[in-house]
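Below is one structure, written out as structure tokens; comments come after it.
The values are calculated or read from the model by the stated rules, or taken from the named source; none is laboratory data. Just so you know, these numbers come straight off a predicted model, no measurement behind them. Reconstructed Cβ throughout: ideal geometry from the backbone, glycine too, with neighbour counts over all protein chains shown.
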Amino acid sequence: MKTKIGFIGLGNLGTPIARNFIEAGYHLQVYNRTVEKTKELDQDNITVCHSPAEAANGVQFIVTVLSNDTVVTQTTTGEEGILKTLPKGAIHISMSTIAPDTAKHLSQLHEQAGSRYLTSPVFGRPDAAAAKKLWVCLSGAQEIQEAARPLLESTSQGIFNFGEEAGQANVVKLAGNFMIQASMEMMAEAYTLTEKFGIERTAVADFFGSTIFNAPIFKNYGKLIAEHKYEPVGFTSQLGYKDASLVAKLSQESQTPMPLVALIQNRLLTALAKGRSERDWAEAFGKGVSNDAGL
């Protein structure tokens, strides 16, 4: 009999992760606010649930891939939340990019309820998830990390331990997203500058991506920005703005001057103001810089 796990959140990232778990031999008790999304999964290997509590009932693991702190908290603690039914000793694996304080609070609530919480944000766009090429950052008690590792290995190419305090992996995830955003702004400015001098921006992106900036972020996002290719949407400007705002908050709380954060927030806020909140965050930078330059 297949091992049952709970799964909540069939967005752009959650759906390929869910497929990987099914392929690895798990049966998913799935909840998603838009039930129609569950039809994208192998129906023989899922049970469609009508609440987070139902998805958490009788499983040893429940995975959430949700958009923000409010949604994760409500899904966990609400009237039909995970904590209502999650068995004693079971593990909530949270893949969401949320504030470290939210993760610590949720970890405490799970401990009080007799269950356990594992912070597990990931790096990688939906195509990376589909290819089982995510990078997973973990923080939580060592025994919880080890228990969850076989499940997480089925959707990733590497798993990294950032300590036993619940919020630590979220700090790493936010720092990484900040670095991606700063890199996109830099690439957009550089490629737009070369375009203004009549140089083909795609040739410039190919050159840098294969020489002194030969790294996935510059090769992959560089190509999107150089070609102004922003579909299909992998990660929205709305979510990018949320992450930049969380980084700004951490910067203030820790008295860490981060002047680039304000630039990134404003770039993404401009995209939101122009009605592009559900467009890819690469477009916020690529199109935003081009528009500023009159192109």
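Output the residues belonging to segment 188-217 that are crowded, with 21+ Cβ neighbours inside 10 Å and either among the basic types (Lys, Arg) or under 20 Å from LYS173 (Cα atoms) (or both).
ARG201
Quick one: in segment 141-181, which of the residues that are among the aromatic types (Phe, Trp, Tyr) and outside any helix (DSSP H, G or I) is nearest to LYS4 (Cα to Cα)?
Checking each candidate, the answer is PHE160.
Search segment 240-269 for residues being farther than 16 Å from ALA182 by Cβ and of a type in the set (S, T, N, Q), and hand back the single one that is surrounded by the most Cβ atoms within 10 Å (Cβ to Cβ).
Residue satisfying both the conditions and the ranking: GLN252.
When segment 12-35 is examined, which residues are found to be among the β-branched types (Val, Ile, Thr) and touching a residue at least 24 places away in the same chain (Cβ under 8 Å)?
THR15, ILE17, ILE22, VAL30, THR34
Taking segment 8-27 on its own, how many of its residues are closer than 17 Å to VAL59 by Cα and touching a Gly at 6+ places or on another chain (Cβ under 9 Å)?
Here the count works out to 2.
Search segment 101-115 for residues that are over 16 Å from GLY89 (Cβ atoms) and pair each with any residue that is hydrophobic (A, V, I, L, M, F, W, C) and assigned to a loop (DSSP other than H, G, I, E, B) when their beta-carbon atoms are under 6 Å apart and the residues are at least 6 apart or on different chains.
Going by the 6 Å Cβ cut-off, the qualifying pairs are ALA103/ALA166; LYS104/ALA166.
Quick one: which strands (runs of 3 or more DSSP E) sit completely within segment 45-135 and have at least 3 residues that are surrounded by 23 or more Cβ atoms within 10 Å (Cβ to Cβ) and either more than 21 Å from the chain's Cα centre (by Cα) or not assigned by TED's automatic domain parsing to the domain that holds GLN181 (or both)?
In segment 45-135, 61-64, 91-94, 116-119 are the strands (runs of 3 or more DSSP E) which contain 3 or more residues that are surrounded by 23 or more Cβ atoms within 10 Å (Cβ to Cβ) and either more than 21 Å from the chain's Cα centre (by Cα) or not assigned by TED's automatic domain parsing to the domain that holds GLN181 (or both).
What do you reckon, is GLU153 free of Cβ contacts under 8 Å to residues at least 12 places away in the same chain, closer than 27 Å to ALA24 by Cα and among the acidic types (Asp, Glu)?
Judged against the criteria, GLU153 is a match.
Show the residue pairs that are 6+ apart or on different chains and have beta-carbon atoms under 6 Å apart, the first residue being within segment 211-222 and within 15 Å of LYS133 (Cα to Cα), the second being polar (S, T, N, Q) and surrounded by 17 or more Cβ atoms within 10 Å (Cβ to Cβ).
Cβ pairs passing all conditions: ILE217/SER183.
Find the residue count for segment 18-44, including only residues that are among the hydrophobic types (A, V, I, L, M, F, W, C), part of a helix (DSSP H, G or I) and under 24 Å from GLU80 (Cα atoms). Even if it seems obvious, please write down each step before you answer.
Going through segment 18-44, the residues among the hydrophobic types (A, V, I, L, M, F, W, C) turn out to be 18, 21-22, 24, 28, 30, 35, 41.
Subsequent filtering for residues that are part of a helix (DSSP H, G or I) retains 18, 21-22, 35.
Now restrict to residues that are under 24 Å from GLU80 (Cα atoms): 18, 35.
The total comes to 2.
For segment 100-125, which positions are in contact with a strand residue (DSSP E or B) (Cβ under 6 Å, 6 or more places away or on another chain) and closer than 20 Å to VAL136 by Cα?
The first filter runs over segment 100-125 and keeps only residues in contact with a strand residue (DSSP E or B) (Cβ under 6 Å, 6 or more places away or on another chain), leaving 103, 106-107, 110, 116-124.
Of everything in segment 100-125, those that are in contact with a strand residue (DSSP E or B) (Cβ under 6 Å, 6 or more places away or on another chain) and closer than 20 Å to VAL136 by Cα turn out to be ALA103, LEU106, SER107, ARG116, TYR117, LEU118, THR119, SER120, PRO121, VAL122, PHE123, GLY124.
When the residues of segment 272-282 are filtered to those that are out of contact with any Ser or Thr (no Cβ under 7 Å at 6 or more places or on another chain) and in a helix (DSSP H, G or I), which remaining residue is nearest to VAL65 (Cα to Cα)?
ALA282
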